[in-house]
Amino acid sequence: MMMKRLMRAFSPLKSQLLLAHSSGNFTCCFDLYSLSRFSTKPNPNNFPYSSHPTHARLQHLLLEKSKVGFDKLDDALQVFDKMLLMKPLPTVIDFNQLLAALVKMKHYSVAVSVFRKMRVESIPVDIITFNTLINCFCHLNRVDFAFSLLAGIIKHGFVPSVVTYTTLIRGLISQDMPHEAQLLFQNLIRFQLIQPNVVTYNTIIDGICKRGNPSVAVKLFKIMEKKGCKPNTVTYNTIVDCLCKHRLVDQALGLLHQMTRKGISPDVMTYSSLIQGLCDINRWHDVKQLLKEMDVRNISRDVFTYNILIDAYCKEGMIEDAEDVIELMIQRGHYPNVVTYSSLMDGYCLRGEVDKALAVFESMKRKGILPNTLSYNILINGYCKKFKVDRAIDLFQQMPSEGLTPTIETYSTILQGFFHVGRHVE
């Protein structure tokens, strides 16, 4: 029955996943379907630890290392090899911890290989093991392989959990398949395969927001509350940010008041999104109110918040205000980065003060902060607007020595600069 419901839920996704499989360039390190040849009966963690004191100490040392994590991949693999030699074997929990450690180090393909070795050695696994492997395939951009594991999970007596499906939804979103993720979520609800938790809702809401559909995200948010799943700060932050990016700032402010009424604490991300939204529509009074509110709530501004303010002031030509924010930022223990200095350079260029922008550029380099492509583009644009195309060309030619590749914007700016000074042939 579970298998039938599963197939009905996933059948609309079949063509998309087959397409993803055929166009993918990742070669799996083993035949996924060969996993079913190994016994994967549910294991109630019935591997006891050795009673021999020396052996027990070795087990404890190795497994604690696995739990804490590893600095080097070789260390993790050595522990795995030693675990395979233990008699009796460690528990499935211990092997899961090792796989989790590999995932934490982002060695996803190695984790898949370790899983294969576990199956060759007939080491029992559980749903957590399968969830870990599904997560690995999603990170390897092979969500099609991740889906293929579902049938194996059910076939061998396990029940896919809310974590299983949430991981698959996240995998679809990461592969730019938000429509498929939304379809999967709807079918999971329709066929009652899971009771979504806050993480599931947050994942699908994030995907909807990335597609630029704030109204759909808000609608799902309301359904979530209606079904008794309590939103958390992440839920609110995702929707607030989406609303602000679409200039629906008043609606976003309404969510801020709603979350505080419900006892859900906003954080620096909540306020940063709102401040960005208000800056975009020049509501400076409301920005100041939010900054005061942050101080009252004892929410410290981070570099991202300061950079939003600096960029907004610079775009308005309020360089002095931007410099005041930079000074305050340093006083509070936050140091300007390449984004900060690029915004300041842009502000000077907008006022036609390209030499001051260059001074900021040189000051940034002296402080060990490497300029990025945007920094160069800002200066090149500034010089082109001042008809100093040769100076712009010098900067353009300097970019490769800094390990930077000019963008379409860089070329377009220089082309426009040539036309402005009548150098059409060049």
Residue that is most open to solvent (accessible area, probe 1.4 Å) [pool: residues in the stretch 120-145 that are in contact with a Leu (Cβ under 7 Å, 6 or more places away or on another chain) and assigned to a loop (DSSP other than H, G, I, E, B)]:
Glu121
Looking at (1) assigned to a loop (DSSP other than H, G, I, E, B); (2) closer than 21 Å to Asp74 by Cα; (3) open to solvent by 10 Å² or more (accessible area, probe 1.4 Å), which is the only condition Asp176 fails?
(2)
Note on Gly212: of the conditions (1) closer than 19 Å to Thr167 by Cβ; (2) open to solvent by 20 Å² or more (accessible area, probe 1.4 Å), unmet is (1)
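Which residues, counting only those in the stretch 256-289, are aliphatic (A, V, I, L, M) and either open to solvent by 20 Å² or more (accessible area, probe 1.4 Å) or under 22 Å from Gly317 (Cβ atoms) (or both)? Can you show your working first?
Quick first cut of the stretch 256-289, residues aliphatic (A, V, I, L, M) only: 256, 259, 264, 268-269, 274-275, 278, 281, 287.
Val268, Met269, Ile275, Leu278, Ile281, Val287, listed by residue number.
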If a residue has to be β-branched (Val, Ile, Thr) and in contact with a helix residue (DSSP H, G or I) (Cβ under 6 Å, 6 or more places away or on another chain) to count, how many in the stretch 363-406 make the cut?
4
Just for the stretch 202-252: of the residues that are out of contact with any Cys (no Cβ under 6 Å at 6 or more places or on another chain) and of a type in the set (Ser, Thr, Tyr), which one is nearest to Gln182 (Cα to Cα)?
Thr203
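For residues that are part of a helix (DSSP H, G or I) and among the charged types (D, E, K, R), scanning just the stretch 80-119, find the one that is surrounded by the fewest Cβ atoms within 10 Å (Cβ to Cβ).
Here is the first cut: in the stretch 80-119, the ones part of a helix (DSSP H, G or I) are 80-85, 92-104, 108-119.
Narrowing the set further to residues that are among the charged types (D, E, K, R) leaves 81-82, 94, 104, 116-117, 119.
Values: Asp81: 10, Lys82: 14, Asp94: 20, Lys104: 12, Arg116: 18, Lys117: 13, Arg119: 19.
Among residues in the stretch 80-119 that are part of a helix (DSSP H, G or I) and among the charged types (D, E, K, R), the one surrounded by the fewest Cβ atoms within 10 Å (Cβ to Cβ) is Asp81.
Sort out which residues of the stretch 150-165 are assigned to a helix (DSSP H, G or I) and open to solvent by 10 Å² or more (accessible area, probe 1.4 Å), and write them in order of number. First the steps, then the outcome.
Of all residues in the stretch 150-165, those assigned to a helix (DSSP H, G or I) come to 150-155, 162-165.
Once the filter is applied, which keeps residues that are assigned to a helix (DSSP H, G or I) and open to solvent by 10 Å² or more (accessible area, probe 1.4 Å), the stretch 150-165 yields Ala151, Gly152, Ile154, Lys155, Val162, Val163.
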Evaluate the stretch 255-264: report whether one residue or more is at pLDDT 95 or above and hydroxyl-bearing (Ser, Thr, Tyr).
no
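The values are calculated or read from the model by the stated rules, or taken from the named source; none is laboratory data. Note that this is a predicted model, so its numbers are computed, not measured. Here Cβ is always computed from backbone atoms with ideal geometry, including for glycine, and neighbour counts include all displayed protein chains. Keep in mind that these areas ignore ligands, DNA and RNA; they rest on the heavy atoms of the full protein, side chains included. Shrake-Rupley method; radii C 1.70, N 1.55, O 1.52, S 1.80 Å.
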